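Worksheet: one structure, shown below.
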Amino acid sequence: MSQYHAIVVGAGFTGVAIAHDLALRGFRVTVVERGPIANGTSGRTHGLLHSGARYAVNDQESAIECIQENQILRLIVPDAIEPNGGLFIAVDESDLEYREKFIQGCEECKIPIRELTPKEALRIEPNLNPKLLTAFTVPDGTFDPLRLALAFAATAKSNGAVFHLYTDVVDLLTDGQGNIKGVKVWNRAADKRFEIEGDIVVNATGAWVGQITSMAGIRVPIAPTPGVMVAYDKRLTQRAINRLNKPGDGDIVLPQRRMMVVGTTSFSIEDPDYVPVLPDHVALMIERGSELIPALRQTKERGAYMATRPLIGSGAPGRSISRTFKAYDHKETDNVEGLVTITGGKATTLRLMAEKTVDLVCKKLGVNVPCTTAETPLISYRKFYVD
Amino acid sequence: MSEEKWTVNFVVYRKKGEGAPHYQTFTLEVSPEEYVIDGVERIWAFHDRSLVFAHACHHSTCGACGMRVNGVEKLTCITRIRDVTSNGGTLRIEPLRNFPVISDLVVDMSRLYVGMDKVHAPAVHPLSMAPLEGEGIKPPREVPMDDGKEYLRLADCIECGLCISACPVAGTAEEYLGPAVLAAAQLQGLGRAPDLTAVVDCVDGVWRCHSAYECTAVCPSSVDPGWRIMDLRRQVLAQRIRRWFGGA
Ligand SMILES: Cc1cc2nc3c(=O)[nH]c(=O)nc-3n(C[C@H](O)[C@H](O)[C@H](O)COP(=O)(O)OP(=O)(O)OC[C@H]3O[C@@H](n4cnc5c(N)ncnc54)[C@H](O)[C@@H]3O)c2cc1C
Ligand code: SF4
Ligand code: FES
């Protein structure tokens, strides 16, 4: 067991999964988050537990990660997931042209699919566009974003991790030679400022990673790229409904509780701290969503929101340990010891991202404890609040 | 959405540590179609970084963003500004009642979570436990899934605490389980989960309720806790009668 102290900055999906993995591997863990759990991109996701089928043609590495992690999450965190599956449906000729590639891609990535006749599809999901041409079942699911994050956080906490919520990291502590020794924080709930020292700082601040690295004089060129999602006031399907085509705008319609959520779009902004919900994007969602489920047009809007992808520009320094997400050891890229940055990926692959990041941290510090998160069921998310 | 702009005064409850609470006014230009949480988040982003508030999903599935808006419990991510004030008007934003305030607009809701745990409230349950009945919804004709299992879905109760804040009894009786918890017991049914009878059939359980129905009035998520508490009383009485007549 190591007695190293790791400080995780950010309690979105990435941060909570890393905290959980570190705690299981015997680290002393402190998490610093400026809001409540999952207030950033993670809370505001679409909520699709990807089967990987969306990426089976264009990005097979992501697709394979998704199907594997999808199966793991169902087992370790059942109380945040509706495991109802999904459909990919074709509604026009261009969709049909994608069919062959889709079948081949899913087979290559070992994603189990089954083709349904339009009649069969309409029988199980009567609100689909009656003109649909074909449909495939896929093992998609819906997750509850806050409770998914809370389950990881609760388990980390039960293994000793300490969470400072409503606490901003305002600066990094250095050893005088530019190496990172900890963080300076501002707890806004109590209006107190203090310092936390640690052996390693893990920067898991998503679209904000560049703000933290700049405190160490390191530039990570982030292009915050938000997308809109719109929730409608009625549940029209049991399964997640995807368009059978290349990934595009408004091509996922997801049931959640008594709602349908349509998403998403993609555009660039400067500052991720506040992202406006653009009216024309909201209009596009109903346009595109109703091509899959016409009844959406008669359904009231219940909410509209934005979440920001942290896309890293091609000018980013150094090598990253994975192509599907970015993890940097700043010792390697910038000769700054004590700081690791991780960003990108998907909610569906949060556990895997954490595994690879903590592997990197362990290697750096010479800790030889294997990852066990894939086999460890998480405790109830409520335990985050109930000691 | 229109391009219409309104000027709205957000009068926000502030409290830090042991300091005295006070109200602070922020005047914002908003679109009336925006949601109240958008205004609160903009106050934090552009006016005052010390503001503490809770939110996550922004589409009524997580239950984090409950606040009192002009004295009424609201899920602020689905409350349109147009529906709660007018151009030049005021929005008084306060934390939920009947929970300890952590800071500003954030309260400690462990009371609710402890109760939900006590009745083992399922976060995900079979569709049949709370069907999606209602106008215009075509239920699938084939209810079981391919492999013979039923559809599961996330529970309606999002544990937002609005019902506890609105409940006139929860304010005076700290040990009262409260509407959401009793509703979660009712949902499971004492027939199916008989061990819950002891938890709810007590002074701080089902008999504490005064039938004010404030919970049902504020619940944003189709739980109807008021009705469920009344039904749970009937279930408790039915259990007692069964016991008197020597049933299990
Ligand atoms: C529009 C959209 C839809 C998506 N839909 C899906 C989906 O359906 N399925 C799926 O699998 N994935 C989806 N994703 C991807 C997924 O949501 C993200 O990969 C994931 O949420 C990223 O999590 P994170 O923890 O890295 O970032 P975040 O959740 O943004 O976490 C970063 C945290 O850092 C905190 N922070 C920032 N600065 C500081 C500071 N100075 N001090 C302390 N804390 C700080 C923030 O408050 C925040 O909580 C979607 C992404 C987008 C943009
Ligand atoms: S019963 Fe309704 S108001 Fe009460 S916590 Fe659940 S969702 Fe919120
Ligand atoms: S932010 Fe999740 S319910 Fe409002």
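Values in this text are rule-based calculations from the coordinates and carry no lab data. Bear in mind the structure is a predicted one, so any value in this text is a computation, not a measurement. So basically every Cβ, Gly included, is an ideal-geometry build from the backbone, and we count neighbours across all protein chains shown.
Divide the volume of the convex hull around the Cα atoms of segment A:124-180 by the residue count and you get 256 Å³ per residue.
Would you mind computing the Rg to Rh ratio of segment B:66-116 from its alpha-carbon coordinates, Kirkwood style for Rh?
1.05
Shown here: segment A:187-335, whose C-alpha atoms stretch 56, 41, 27 Å along the first, second and third principal axes, sorted largest to smallest. Sorting A:371-382, A:161-172 by average packing, meaning the other beta carbons within 10 Å per residue, from highest down gives A:161-172, A:371-382. Label positions at B:THR90 and A:GLU93, each projected 7 Å from the Cα along the C-beta direction, are separated by 6.4 nm.
For the peptides A:95-103, B:94-102, A:260-268, A:34-42, the ranking by mean Cβ contacts within 10 Å, running from highest to lowest, is A:34-42, A:260-268, B:94-102, A:95-103. Just report the Cα centroid separation between segment A:34-80 and segment B:14-88, whole Å. Cα centroid of segment A:34-80 versus Cα centroid of segment B:14-88: 29 Å apart. Each residue of segment B:201-217 was assigned a 3J(HN,Hα) from its phi angle through the Karplus curve 6.51 cos²θ - 1.76 cosθ + 1.60 (θ = phi - 60°); the sequence is 8, 7, 4, 8, x, 5, 8, 6, 4, 9, 6, 7, 6, 5, 4, 5, 5 Hz, with glycine and proline shown as x. Across the cross-link table entries A:LYS326/A:LYS364; A:LYS192/A:LYS346; A:LYS110/A:LYS346, which are compared at the Cα atoms, the separations over 22 Å belong to A:LYS192/A:LYS346.
Just so you know, the Cα atoms of chain B work out to an Rg and Dmax of 20.6, 69 Å. For segment B:187-237, pairs of C-alpha atoms spaced more than 14 angstrom apart make up 52 percent of the total. Its residue count N fixes a reference of 2.2 N^0.38 Å for segment A:40-87, and the Cα radius of gyration divided by that reference is 1.19. Only alpha carbons enter this Debye calculation for segment A:156-210, each as an equal point scatterer, and the log10 of I(q)/I(0) it gives at q = 0.18, 0.19, 0.28, 0.31 Å⁻¹ is -0.71, -0.79, -1.23, -1.25.
The distance linking segment B:161-180 with segment A:148-222 is 36 Å (Cα centroid to Cα centroid, whole angstrom).
Using Cα-only point scatterers and the Debye equation, what is log10 of I(q)/I(0) for the protein assembly as shown at each q in 0.05, 0.10 Å⁻¹, rounded to two decimals? For the protein assembly as shown at q = 0.05, 0.10 Å⁻¹, log10 I(q)/I(0) is -0.22, -0.93. For segment A:36-155, the pair-distance distribution built from all alpha carbon pairs, in bins 5 Å wide starting at 0, is 2, 11, 18, 19, 19, 14, 9, 5, 2, 0 percent. Between segment B:196-248 and segment A:337-375, the alpha-carbon centres lie 47 Å apart. Report summary: the helix-based calculation at 222 nm, which adds -39500 (n - 2.57) for every DSSP H run with n ≥ 4 and divides by the residues of chain A, gives -8000 deg cm²/dmol.
Can you give the charge dipole size of the protein assembly as shown about its Cα centre, rounded to the nearest 20 debye, using +1 on the beta carbon of Lys and Arg and -1 on the beta carbon of Asp and Glu?
Computed charge dipole of the protein assembly as shown: roughly 1160 debye.
Dipole size of segment B:6-107 about its Cα centre, with +1 on Lys/Arg Cβ and -1 on Asp/Glu Cβ: approximately 240 debye, rounded to the nearest 20. Around the amide H of A:LYS181, modelled in the peptide plane, lie the amide H atoms of A:LEU173, A:THR174, A:ASP175, all under 5 Å away and 5 or more residues distant in sequence or on another chain.
The calculated FRET efficiency for the pair B:THR172 and B:ARG243, based on their C-beta separation and a Förster distance of 22 Å, comes to about 0.10. Pair-distance distribution P(r) for segment A:124-245, from all Cα-Cα distances in 5 Å bins starting at 0: 2, 7, 11, 13, 14, 12, 10, 8, 7, 7, 5, 3, 1, 0 percent. Sorting B:161-167, B:103-109 by average packing, meaning the other beta carbons within 10 Å per residue, from highest down gives B:161-167, B:103-109.
Note on A:LYS363: aspartates and glutamates with a C-alpha under 16 Å away, same-chain residues under 8 apart excluded, are A:ASP21, A:ASP199, A:ASP329, A:GLU332, A:GLU337, A:GLU355. Shown for segment B:6-107 is the translational diffusion coefficient from the Stokes-Einstein equation, using the Kirkwood radius over Cα pairs, a temperature of 20 °C and a viscosity of 1.002 mPa s: 159 µm²/s. Between the helical axis of A:13-24 and the longest alpha-carbon principal axis of chain A there is an angle of about 50 degrees.
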